[in-house]
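*Asks:* First the structure, then my questions, so here it is.
The values are calculated or read from the model by the stated rules, or taken from the named source; none is laboratory data. Just so it is clear, the structure is predicted and the values come from calculations on it, not from any experiment. Every residue, glycine as well, gets a Cβ built from its backbone with ideal geometry; the counts of neighbours run over all protein chains shown.
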Ligand code: SF4
């Protein structure tokens with residue numbers, strides 16, 4: 001069973017969804033299936049594929065792609081064009097919430113797969129209800145589908161209708177969409193979520209991350225540009241640049257934590273970026289130590305960079321059990337401790353008597369790191385220093401990551417020294433926002449840094465009311 005390391009071990013914070021689209025000379029469903037498996041780290045709760053075979057046919061289910069689909073189900077989906085989705089929901093998963101969402105409208109069936117969050121979906125839903133639309137699914141994609149149907153009915157031109165629809169929605173979105181057998185990828189005007197375009201032997205493909213191109217032996221053509229609509233077919237693609245913003249707002253967290261290290265996003269290798277972060281971290285927070293140990297697996301590239309930047313050798317001091325099934329949140333502290341212990345265990349011979357630097361990508365609540373520090377101390381490490389490749393998380397994400405309240409962040413209410421004491425570490429250092437920007441090779445105005453600066457690239461109504469850090473501050 002495929003399981004991404006981030007979610008298998010830490011599962012403190014989660015991405016919301018991965019998307020795929022295929023236009024092929026042969027059946028699309030098996031290509032989509034393999035793309036979804038490669039995107040499984042972007043959502044493990046549900047998965048779905050929709051294809052066009054004279055009409056839209058789909059199959060969706062709760063669970064991982066490998067569990068939901070078998071040969072028979074994939075073969076039963078016969079179209080040459082299709083879209084797919086891996087799903088994570090903050091709310092309780094219900095089979096009917098799995099995507100692609102199929103919206104029946106007067107202009108035909110629309111299939112939509114969405115990565116992101118629309119911050120004005122509720123307001124639009126109320127307006128559409130007043131116009132007589134009957135909402136049966138209760139999801140954001142239904143809002144998009146009805147808006148699109150209304151615009152298409154009045155303009156008769158699909159591209160214009162998509163542009164008018166996108167002009168009304170606010171938030172983060174990378175969509176794949178299918179209408180009457182035509183397949184599209186759409187990226188929001190700030191490029192908050194990743195989306196890329198590729199070519200393979202049988203056609204063209206659009207996916208959330210380049211790892212899903214690799215898995216079907218597709219070559220990357222390029223990232224979908226922020227504000228761009230791309231229509232793919234077997235032989236090529238057509239681009240419509242619908243919006244041109246002065247700046248971008250790529251989610252920095254894709255680079256530090258969410259995306260797979262073997263992906264390339266917006267011209268940057270995620271792995272190389274993490275290494276640069278580790279290198280900067282070593283310069284910002286030097287320490288005398290004997291070994292650098294990555295917290296497996298998400299801290300691996302950061303630790304490698306830290307080792308290069310500090311000259312301290314890298315060691316496999318923590319071993320991960322790859323065969324532990326995904327566990328859910330345990331009701332008691334004792335069970336939670338056991339869960340971490342079952343998944344990661346120190347190698348005593350590496351750790352004993354040594355001054356250890358533990359390197360991880362981020363700290364949310366701090367509970368996992370505290371248990372790991374404790375484990376390494378119990379394995380007789382002489383000193384335990386902690387270095388973190390994301391600046392202190394202090395503010396919620398309103399744009400598609402499962403970090404919804406300030407209270408969950410240990411850094412929201414505590415100083416670095418208080419966090420160090422809480423972790424029982426000998427020293428603690430986080431990468432600075434400046435250091436992060438240097439490592440990412442983006443200017444500040446081209447990134448979303450909302451969860452570490454409280455300044456968001458778009459107006460977020462609840463945030464605006466409480467904290468007034470909005471686009472005005474950002475520009
Ligand atoms: S607030 Fe943080 S996690 Fe959310 S989109 Fe912005 S950078 Fe990414």
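*Asks:* Across segment 424-443, what is the total count of residues that are closer than 17 Å to residue 395 by Cα and surrounded by fewer than 24 Cβ atoms within 10 Å (Cβ to Cβ)?
*Replies:* The number of residues fulfilling the criteria is 2.
*Asks:* Also: So is residue 298 in a loop (DSSP other than H, G, I, E, B), assigned by TED's automatic domain parsing to the domain that holds residue 355 and surrounded by 21 or more Cβ atoms within 10 Å (Cβ to Cβ) or not?
*Replies:* Taking the combined requirement at face value, the residue satisfies it.
*Asks:* OK, next. With at negative phi and assigned to a loop (DSSP other than H, G, I, E, B) as the only criterion, which of 246, 275, 283 stands out?
*Replies:* One residue alone meets the criteria, 246.
*Asks:* Shifting gears a bit: Name the single residue, out of those in segment 385-407 being in contact (Cβ under 8 Å) with a residue 12 or more places away in the chain and more than 25 Å from residue 439 (Cα to Cα), that is farthest from the ligand (Cβ to nearest atom).
*Replies:* The residue in question is 406.
This table checks each residue for (1) more than 16 Å from residue 367 (Cα to Cα); (2) in contact with a strand residue (DSSP E or B) (Cβ under 8 Å, 6 or more places away or on another chain); (3) modelled with pLDDT of 60 or more.
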| residue | (1), (2), (3) |
| --- | --- |
| 306 | yes, yes, yes |
| 319 | yes, yes, yes |
| 326 | yes, no, no |
| 329 | no, no, no |
| 337 | no, no, yes |
| 355 | yes, yes, yes |
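*Asks:* Of the residues 284, 238, which is more than 16 Å from the ligand (Cβ to nearest atom), under 30 Å from residue 207 (Cα atoms), over 25 Å from the mean Cα position of the chain (by Cα) and modelled with pLDDT of 95 or more?
*Replies:* Going through 284, 238 in turn, the sole match is 238.
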